[in-house]
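Take a look at the structure set out below.
The values are calculated or read from the model by the stated rules, or taken from the named source; none is laboratory data. All values reported here derive from a predicted model rather than from experimental measurement. Backbone-built Cβ (ideal geometry, glycine too); neighbour counts: all protein chains shown. These area figures cover heavy atoms from the full protein model, side chains too; ligands, DNA and RNA do not enter into them. Shrake-Rupley method; radii C 1.70, N 1.55, O 1.52, S 1.80 Å.
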Amino acid sequence: MKSRSAQLSLAIVCFLLGLLLVAQFRTQRMTDSSLLSASSADQLLIIGSLVENNARLREEMETLEEQLSEYQQAARRTVLEGLVEELNKVRIINGLVEVSGAGVEVSLDGPIGVLDVQDLINELRNAGAESLAVNGERLTLYSVIASPEDGVMTINGTQFSRPYVLQAIGDPETMETALLRSGGLIATLERNYEGLVVSVIKRERMVLPVYKKEAIEFLYASPVE
Amino acid sequence: MEFKLDGIGRYIPILVIALIFGALLGLQWKSPPARLTTAPGTELESGALTIKRLEAEQEELKESIGRTREALDEYRRELADNMEMLKEINAELERQKMMAGLLTVEGPGVQVTLDDSSIQSATADSNGCLIHEYDLRDVVNLLWLAGSEAIAVNGERIVATSSIYCVGSTVMVNDTRLSPPYLIQAVGNSIAQEDVLRNPAYLEGIKRRAELYGVQFEVNRTGTLTLPAYKGGFPTNYAQLGE
């Protein structure tokens, strides 16, 4: 009896051992390629969620790419470059940057009135002068040529003495023609002032300095939208 | 040594059979009881392939999303910097435009009216009866001297390149023909402006002709003037920035 029950229990142990062995083998295979051993229903679930997830990711990617192309367009600096170009142009007009270019140089020596210098500047502007300087003082819209006393000329409050040298950047031909035409301003001035020596020289390249005084401050005028 | 069937050896066949039996039962256990598909192995395999493909795709998508986000962040930073610059440049541009006469402005100031004399008698000096372009020029220069901040003649804003000249008897400002009466408007300190305009040391010619020939020269202070912006261009065909 004793040996029989021992036989039986041993058989049961072996039977269980066999079961465990197979179970072990199966889980081993599961971790190696869980996909193959997963049921097709499980696979479908996994595929479904992957497809959904990838679609979401692709959507996100599309949105990001759209944003990126928008940024790339915006960051092309064209707006900024355009603004800087415009700003520099207005700065030239306002005399707040150094400028260079072709033009004419008008020298005046001898007696001449301040208003006549003003008229000459008007003539140069009329002939297309883009930038002007007198004796190295840059002229702006607000520049005033004045004569606080006889024989004295001030520009922007600074006194200058003869000879007066007017430099104008612009088309040299047009300005020279305008100044020297018969019956023109210089002819009239030479007739009116005895001893006045005027010379007009075309220049291929001149450099006009920056307006160095304080820029105008607007106390009364305000921009209207 | 005597071989005893009574010993361990006697159980061996039983043990082996039990082991095999258990293993078979175990194999049977995990198998699905019923497979509906005809080719279960191939379907599972193609399913696995799909999953792998999808996972690879996911990996790729995540990577490119990460890359794009980084690129976007860089652009955003750059754009923010540019925006900051843009704001500054815009503010500076407005200031410069104000100075150049490119903005409509309003403010107190004076109005000067100049007109030819209505007396056109044969005896009167016809030159003395008329307002000339240099009269306008002198008044404008004087107004700048008085600290004016913006000036317009008959609605033409005076800018740095403006000239006041005449073609025949027609006065031109900014290449626009003007006809009398001439209205010169200047924004600024109206008291200072009027003082200078009325100063006998200035505009002697006009004032004398006003007395002698009835040329009109009128100065009025005003509370609010609105001067239009300069609408022409500033050709810069010759002037270049810098040396």
*Under a 10 Å cutoff between Cα atoms, tell me which one of B:SER163, B:SER148, B:SER46 has the largest fluctuation in the Gaussian network model of chain B.*
B:SER46
_Alpha-carbon Rg/Rh ratio, for the protein assembly as shown, with Rh computed the Kirkwood way_ = 1.58
_If the only charges are +1 at each Lys and Arg Cβ and -1 at each Asp and Glu Cβ, what is the size of the charge dipole of the stretch A:156-222 around the Cα centre, to the nearest 20 debye?_
140
*asked:* Let's test the formula: R0 of 30 Å, r as the Cβ-Cβ distance of B:LEU183 and B:LEU212. What FRET efficiency results, to the nearest 0.05?
replied: 0.85
_Which of rounded, prolate or oblate describes chain B when judged by the alpha-carbon gyration tensor and an a/c cut-off of 1.5?_
prolate
*Compute the normalised compactness of the stretch B:84-177: alpha-carbon radius of gyration over 2.2 N^0.38 Å, N being the residue count.*
1.43
*Mind checking which helices in chain A clear 27 Å along their axis (Cα) and have mean Kyte-Doolittle hydropathy of -1.0 or more, DSSP H runs only?*
A:2-32, A:40-74
_Debye, to nearest 20: dipole size of the stretch B:90-177, +1 on Lys, Arg Cβ, -1 on Asp, Glu Cβ_ = 180
*asked:* For a quick check, take a GNM of chain B with Cα springs below 10 Å and name the residue from B:GLY155, B:GLY205, B:GLY214 with the largest mean-square fluctuation.
replied: B:GLY205
*Using a simple spin-label model with points 7 Å from Cα along the Cα→Cβ vector, what separation in nm is obtained for B:GLU60 and B:LEU145?*
8.2
*Given +1 on the Cβ of Lys and Arg, -1 on the Cβ of Asp and Glu, and no further charges, what dipole in debye does the protein assembly as shown carry about its Cα centre, rounded to the nearest 20?*
2820
*asked:* Can you tell me which of B:LEU25, B:LEU143, B:LEU61 moves the most in a GNM of chain B? Springs connect C-alpha atoms under 10 Å apart.
replied: B:LEU25
_Listed residues B:ASP138, B:ASP81, A:ASP42, A:ASP150 arranged by accessible area, highest first, probe 1.4 Å_ = A:ASP150, B:ASP81, A:ASP42, B:ASP138
*asked:* Using a Förster radius of 41 Å, what is the FRET efficiency between A:GLU105 and B:ALA80 based on their Cβ-Cβ separation? Nearest 0.05, please.
replied: 0.25
_Test of the criteria: in the stretch B:166-243, which chymotrypsin sites (Phe, Trp or Tyr not before Pro) are in a DSSP loop and have at most 10 other Cβ atoms within 10 angstrom of their Cβ?_
none
*asked:* Students often get this wrong: which residues of the stretch A:162-177 have the backbone nitrogen under 19 Å from the point 7 angstrom along Cα-to-C-beta of B:ASP175?
replied: A:169-177
_Accessible area buried, both sides summed, chains A and B with 1.4 Å probe, Å²_ = 8100
_What whole-number volume per residue, in cubic angstrom, does the convex hull of the C-alpha atoms of the stretch A:46-177 give?_
141
_Based on DSSP loop calls and a cut-off of at most 16 other Cβ atoms within 10 Å, the longest stretch of chain A free of exposed trypsin sites (Lys or Arg not before Pro) is what?_
A:78-180
*Neighbour cut-off at most 10 other Cβ (10 Å), DSSP loop, GluC sites (Glu not before Pro), the stretch A:60-149*: A:GLU149
*Just in the stretch A:170-214: which GluC sites (Glu not before Pro) are loop by DSSP and have at most 10 other Cβ atoms within 10 Å?*
A:GLU194, A:GLU214
*Determine the alpha carbon to alpha carbon distance for each of A:LYS89/B:LYS231; A:LYS212/B:LYS97; A:LYS202/B:LYS231; B:LYS97/B:LYS231; A:LYS213/B:LYS87 and list only those over 23 Å.*
A:LYS202/B:LYS231; A:LYS213/B:LYS87
*With each label point set 7 Å from Cα along the Cα-Cβ vector, what nm distance links A:VAL224 and B:VAL16?*
11.6
*Would you calculate the separation in nanometres between label points at A:GLU81 and B:ASN237, each defined as 7 Å from the Cα along the Cα-to-beta-carbon direction?*
2.5
